[in-house]
Amino acid sequence: MDASEALLTRIENDPAAAARLAWPGDFDIARRDPIEDVRLPSGLAMRPIAGDGAGGTFFLCGESGDAERPVVYADSEGQAALIGADLTEAVELIAVCAMWWRDAHSDFSPEEFDAGIREDHPDLDLDREREELTTALGLTPPPVEEVVARLRTTAARTAPAFLPYVDDDDHVPYEPLFGP
């Protein structure tokens, strides 16, 4: 079993960790049905592993035992991005950047995003949720600036190999989530 499969199994077997990923992370392993069937240009397998509240789906790519198992996020509006070289990177992104990782390309700072979450959800202890999640999963994520830089670098590799297309007669490709 590769590292991504092992981490997914830990998440599936730890209801508290799965709940923390679902809220405040918006990475819900109970939502594994993508809105539409998509494929990668390379033919690499795409396994839905979680969804978000807006209808997006997180896909673990490749087969168990492959050297690389990248994670692609495809939203319900036809945009997608490579968000992690593996599931560990993707979960660290979700844990560290909670609900705002999709906006990491903006001019706002991580502190401003976290402040907005804390203002909107005053009963949420964001720091405690992050710490308990990463501890439960045995992760030691890098600082937020490094996680955001890693996302930007990883997402820049989305097109063309990890930009899914709709599996129909037209093979309409998704747009890059963070622009070209």
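Read-outs throughout are calculated quantities, based only on the coordinates presented, and are distinct from any laboratory measurement. These numbers come from a predicted model, not from an experiment. Reconstructed Cβ throughout: ideal geometry from the backbone, glycine too, with neighbour counts over all protein chains shown.
Things to note:
- Inter-label distance for E175 and I35, nm, one decimal - labels placed 7 Å from Cα along Cα-to-Cβ: 1.3 nm
- Computed over the chain: relative contact order in percent, which uses C-alpha pairs under 8 Å that are six or more apart: 24 percent
- Phi angles of the stretch 9-20 translate, via the Karplus equation with coefficients 6.51, -1.76, 1.60 and θ = phi - 60°, into HN-Hα couplings of 5, 4, 4, 5, 8, 10, x, 5, 5, 4, 5, 5 Hz per residue; Gly and Pro are given as x.
- Per-pair calculated FRET efficiency, R0 = 45 Å: D107 and E5 via Cβ, rounded to 0.05: 0.75
- FRET efficiency for E131 and A67, using Cβ-Cβ distance with R0 set to 30 Å, rounded to 0.05: 0.45
- Fully extended contour minus Cα-Cα distance, from T140 to R118, at 0.36 nm per residue: 5.6 nm
- Among 114-127, 85-98, the peptide with the highest mean count of other Cβ atoms within 10 Å heads the list, and the full ranking is 85-98, 114-127.
- Comparing the chain with the 2.2 N^0.38 Å rule of thumb, its C-alpha radius of gyration ratio is 0.98 (two decimals).
- 0 to 90° range, to nearest 10: angle between helix 144-155 axis and the chain longest Cα axis: 10 degrees
- The C-alpha radius of gyration of the stretch 100-180, expressed as a fraction of 2.2 N^0.38 Å, stands at 1.42.
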